[in-house]
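Remarks on the structure that follows.
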């Protein structure tokens, strides 16, 4: 039997290696006995997209981006990489240009861990010009933007910025921007996240960190929009997680290879 080729759009290599700030290290209790297995009898990881976000609230500019970059250089055939900038602490123009020159395939934003609203660029929401620049840069360079949604329990996380309804302004103000809703609004805002992916052409639903056995319980209409769903594991997300086995478990639920590989390929360039 041919193995199913998988592209995992959401892996935190630097967390797997424990290379995170001291204030985040409480999260490592969830990463014990995790295995970065690239294949088994059913699936084979074709590409892994590295996400640099730390697992807690931080004022850092780019989180683990350069740690991930060093690993990507060691294995360029396997790894691709999301860029990341904190609009509150970065010189975003300088940092985005640098990350773009290093070959990023998209930009990850983490509002609850960096403390900003996804729509905070609008005048009535604070007029954050650096965030406006990020969206304009992504749209001009045809880079998808993945935005964290859903609650996070670590440290000083600001979950009020995790509601996907705050992305509604973004997808309307930047109609050519490809927006990926990470974690599908887990666990409070699944309905909002699904609605946006279904009714906006430029919005996609990424399903990482949702237990495979519960995906269709929490998102019962997910398979009505299979072309809008992106696979990710959020590895390392829980004790004992196996990268290849997790992909296989998701496939056994969704039974659609587009979700496991093809959909993300339509959004990125490498």
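Every number in this text was worked out from the coordinates using simple rules, so none of it is lab data. All of these numbers come straight from a predicted model, not from anything done at the bench. As a convention, Cβ positions derive from the backbone with ideal geometry for all residues, glycine included, and neighbour counts pool all protein chains shown.
Brief remarks follow.
- In nm, spacing of pseudo-spin labels at residue 94 and residue 70 (7 Å Cα→C-beta vector): 2.2 nm
- Residue 172/residue 252 FRET efficiency (R0 30 Å; Cβ-Cβ; nearest 0.05): 0.25
- Cα centroid of segment 204-246 to Cα centroid of segment 80-116, whole Å: 24 Å
- Ordering 170, 51 from the fewest to the most neighbouring beta carbons within 10 Å gives 170, 51.
- Length, then width, then depth: along the principal axes, the Cα atoms of segment 140-270 run 40, 36, 30 Å.
- Relative contact order of segment 145-270, pairs being alpha-carbon contacts under 8 Å that are 6 or more residues apart, as %: 20 percent
- Ranked list, fewest to most other Cβ atoms within 10 Å of each Cβ, for 46, 234: 46, 234
- Its relative contact order, with pairs defined as Cα atoms under 8 Å and 6+ residues apart, puts the chain at 23 percent.
- Label-point gap, in nm, between residue 125 and residue 188 - each point 7 angstrom along Cα→Cβ: 1.7 nm
- For a modelled paramagnetic label at residue 269, 7 Å from Cα along Cα-to-Cβ, the residues of segment 137-181 in reach, with backbone nitrogen under 11 Å, are 140-144.
- Efficiency of FRET between residue 153 and residue 2 - r from beta-carbon atoms, R0 30 angstrom, step 0.05: 0.15
- Helices in the chain, meaning DSSP H runs of at least 4 residues, each add -39500 (n - 2.57). Divided by all residues, the mean residue ellipticity at 222 nm is -7000 deg cm²/dmol.
- Compared with the alpha-carbon gap, the fully stretched path from residue 77 to residue 238 is longer by 55.3 nm at 0.36 nm per residue.
- The gain in end-to-end length when the residue 199 to residue 25 segment is fully stretched comes to 58.8 nm, 0.36 nm per residue minus the alpha carbon separation.
- Percent of beta bridges antiparallel (DSSP, segment 4-265, rounded to nearest 5): 5 percent
- Look at 196, 36 and count the other Cβ atoms within 10 Å of each Cβ; fewest to most, that gives 36, 196.
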